[in-house]
1. Might you work out the accessible area of A:Y31 for me, using a 1.4 Å probe with all protein chains in place, and round it to the nearest 10 Å²?
2. Does the stretch A:155-236 classify as rounded, prolate or oblate by the C-alpha gyration tensor (a ≥ b ≥ c root eigenvalues; a/c under 1.5 gives rounded; else a/b over b/c gives prolate, otherwise oblate)?
3. Determine the shielding of peptide B:68-74 by partner chains: average, over its residues, the number of Cβ atoms on other chains within 10 angstrom of each Cβ.
4. Mind checking the full-extension length gain between A:A30 and A:N84? Use 0.36 nm per residue of separation minus the Cα-Cα distance, one decimal, nm.
5. Efficiency by 1/(1 + (r/R0)^6): what FRET value for B:D158 and B:I103, r their Cβ-Cβ distance, R0 = 25 Å, to the nearest 0.05?
6. With the cut-off at 27 Å, tell me which of the pairs A:K165/B:K222; A:K169/B:K349; A:K150/B:K281; B:K321/B:K381; A:K150/A:K231 have Cα atoms farther apart than that.
7. Let me confirm one metric for peptide B:76-89, namely the mean number of other chain beta-carbon atoms within 10 Å of its residues' beta-carbons.
8. Enter the Cα centre distance for the pair the stretch B:273-337 and the stretch A:189-204, rounded to the nearest angstrom.
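The values are calculated or read from the model by the stated rules, or taken from the named source; none is laboratory data. Note that this is a predicted model, so its numbers are computed, not measured. Using ideal geometry, Cβ is built from the backbone for each residue, glycine included, and neighbour counts are taken over all protein chains shown. Note: areas computed on protein heavy atoms with side chains; ligands, DNA, RNA excluded. Shrake-Rupley method; radii C 1.70, N 1.55, O 1.52, S 1.80 Å.
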Amino acid sequence: MGKYSDDPAWADVTPLPTDEGGPNPLAAIAYSEEYEETMSYLRAAMAANEFSPRVLDLTEDLIDMNPAHYTVWLYRAHCLFAINSDLKEELDWLNETALQHQKNYQIWHHRMLILDKLDSCEGEGEFVERMFEKDAKNYHVWSYRQWLVKRFALWENGELEFTEKLIEKDVRNNSAWNHRWYVINGREGEGVRGITDPRIREREVDFAEVAVAKAPQNQSPWSYLRGIARKGGMPLSSLKDFVSQYASLEQPDEVRSSHALDMMAEILAEEDNGKQQAGAALDMLAQKYDPIRKNYWEYRKGMLGLPSAAA
Amino acid sequence: MPLIKKEDPEDSLDERLQNQARIEELVSDGDDAFEDEDENGASDDSGIPFPGKPSKRQRKMPPWLQQATINLFHDELVTTTSEAQQKVTAECLPLLTEEDTGIFSLNTYGLPHLRRDQHASFLRAQLERLPAQYQVIDASRPWLFYWTMAGLSFLGQDVSSYRDQLIATVSPLQNPGGGFGGGHGQLSHCAGTYATVLALAAVGGLRMVDRKAMWHWLGSVKQSDGGFCMAVGAEEDIRGAYCAMTILTLLNLPLELPPDAPSRKHGLTSFTDKLGEWVGKCQTYEGGIAGAPTNEAHGAYAFCALACLSILDAPAVSIPKYLDVPALVAWLAARQTTPEGGFQGRQEKLVDACYSHWVGGCWDLIQAALPDNSTLGEDGKDIWNRAALIRYLITCCQQPGKKGGMRDKPSTRPDAYHTCYSVAGLSHAQNHYRYNNNNQPSSEGRLTAAFNWTASPPTEAEMREWKVDKEDLVEFVHPVFVLPMGVVEAARREFEQGGF
């Protein structure tokens with residue numbers, strides 16, 4: 001009556017049907033017969049700890065029906081390794097599946113396990129890049145890409161240029177900015193300096209400044225600059241001339257970016273006798289340039305410790 | 001006009017499934033789904049409402065919705081991100097400015113009422129038998145139990161009548177080795193176990209949990225670097241840390257690692273070993289928190305980090321110990337989108353109602369972590385904008401029509417996930433949550449910090465300021481465990497004795 005129950009190759013297995021937990025289960029799913037049957041055979045296989053080619057086929061069937069089934073993925077990986085299956089073949093199959101189920105999460109963890117075992121990442125960079133064509137901010141794909149870079153030491157294999165390309169495509173792609181930060185600073189633990197190296201820092205400041213010029217209200221490069229200052233030991237004040245092109249107290253009606261005004265407030269607050277001016281910049285944010293965050297700007301003003309900060 | 005599409009053409013199940021399936025991982029990437037399915041509609045006749053398009057009515061708008069503010073900062077460069085953002089602003093603005101609220105009944109201040117009964121019946125409907133297309137959520141059914149039980153409770157509904165049915169339903173999900181899988185015969189998973197335990201707590205059914213087996217299983221996912229994997233052999237991320245610590249604390253399991261825990265071989269002895277340090281490593285250069293070290297900062301993970309630390313100790317102790325607080329506060333504040341007023345999950349992404357909880361819920365925790373001498377006075381002056389979040393949820397995220405439910409944004413369909421976290425977000429915005437030092441004497445072997453919270457409703461003046469009617473207030477939501485306060489207290493008492 002079913003694909004498995006009619007198959008002599010499975011005749012030795014007694015399927016374990018779904019236990020619904022009683023006659024009135026909550027949110028019970030009316031499974032298709034095919035899904036119900038396949039799951040029943042998987043349960044039986046798992047209970048017997050069976051790792052075999054037929055179990056691999058079974059997991060493939062299930063993944064086709066429900067790619068978000070983490071148990072099936074984990075069991076499949078286990079099975080592949082247990083029977084020394086051809087991992088290149090697995091990767092080919094995975095490529096198709098990944099393109100069909102772009103947002104699926106388990107695929108990427110599975111892929112990681114396979115590549116790690118294969119100990120090769122040939123063609124992987126291109127594959128991942130194709131995934132970004134549909135959604136350039138996919139969290140799981142970016143996290144996978146970070147793993148690739150680290151596992152296969154791809155730090156200097158065009159990875160920086162790759163982030164540049166994606167940022168060029170969409171300067172507001174914060175995931176690409178985050179990846180850039182990773183590529184530059186991801187080896188601190190191994191003693192490879194990132195933005196603490198003055199030459200790299202200078203290059204990255206330039207890079208972010210050019211990006212700000214393209215779209216001053218895009219927060220990504222501003223955060224990047226702030227990150228450089230915070231982690232790279234660079235005083236924010238060194239950015240003052242740059243920031244004042246976008247926000248300055250002298251031209252209170254010409255502010256081109258709320259992020260610039262925010263940074264200006266921070267720069268001023270660090271100056272001798274600059275706190276009053278910093279307070280004025282925060283007032284501009286609260287009242288005119290970013291009123292939705294009025295409470296936050298007032299909080300920041302309170303932190304300045306200005307004398308009698310009343311109202 | 002997205003809302004005037006009267007009879008929802010038979011809710012396309014596909015879209016709803018997409019919405020549901022993608023959150024199996026606790027984190028919504030709603031923006032992405034939105035970009036895919038957005039083609040039909042919203043904008044052809046309304047045009048782009050800015051810059052300079054005069055508002056039809058001259059209602060007094062809050063500052064962030066005044067034309068002069070909306071007209072600020074429109075960079076000319078068009079990219080995928082800016083196009084998507086512009087569409088969302090266009091679909092939200094008529095609703096936010098009350099030009100398009102005709103189909104809702106309005107409160108004293110001209111904003112729609114909370115459609116409490118419709119949202120409740122929407123959630124109840126999720127518990128009925130589901131058609132075969134729901135197979136794709138077969139590994140995340142425990143979430144449905146949690147979102148419905150929690151969501152209904154936050155709406156003020158009694159869910160205790162589901163107790164026996166829920167216990168029976170989740171029994172086959174509990175594995176002999178401890179923990180719950182997404183379904184019968186599925187491996188135990190931190191997300192499924194978290195969702196099941198919380199759902200059981202909500203109905204008063206925690207007795208059915210095999211606590212000793214649970215303790216062993218949690219020991220098997222604790223990692224030698226301090227974090228937790230989601231399942232044996234699965235990925236390590238910050239959800240694991242929050243879920244595991246929540247389960248451990250609610251059930252009062254021993255903090256000591258079981259003898260068979262693999263991380264013991266690396267010198268760890270307690271579930272809390274290296275945990276705060278691991279969470280600290282997830283803070284990125286942006287100031288926000290990533291799912292795992294070096295990944296991109298994300299609002300849902302910020303909540304997991306803060307809640308996990310708030311389990312370890314008083315927020316004022318544990319949060320500054322492991323995190324750069326000013327950097328995180330700045331990052332969180334920047335997530336409230338203007339002009340929509342809700343929260344986005346990441347920098348330069350779109351507003352999504354689910355972050356009303358993930359980011360909105362961070363404020364209770366982080367405000368409790370700020371030093372006493374900060375500007376946050378006894379009157380509870382906030383550093384975020386409650387009125388803007390309330391307006392977004394009430395005007396943009398309520399599905400019109402008989403079916404109710406709440407949604408990511410106007411162009412998306414409601415689902416249980418967004419309904420639960422929208423209502424939780426509303427509770428963070430409407431109510432006050434306070435951490436009371438030494439309220440709860442720490443008892444031997446149990447982390448008691450998370451039991452020290454109290455809640456209070458808004459004052460009359462606040463309700464006027466935030467444009468909320470009394471009848472639209474929702475229940476208190478525990479800031480760490482995201483359950484009703486009374487449910488958390490009951491769990492604390494139930495397992496006060498500890499032991500097995």
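1. In the full protein context, A:Y31 sits at about 40 Å².
2. oblate
3. For peptide B:68-74, the averaged partner shielding equals 4.
4. Contour length minus the Cα-Cα distance gives 15.8 nm.
5. 0.30
6. Distance filter (> 27 Å) returns A:K165/B:K222.
7. If you average over the peptide's residues, the count of other-chain Cβ atoms is 3.
8. Centre-to-centre (Cα) distance: 25 Å.
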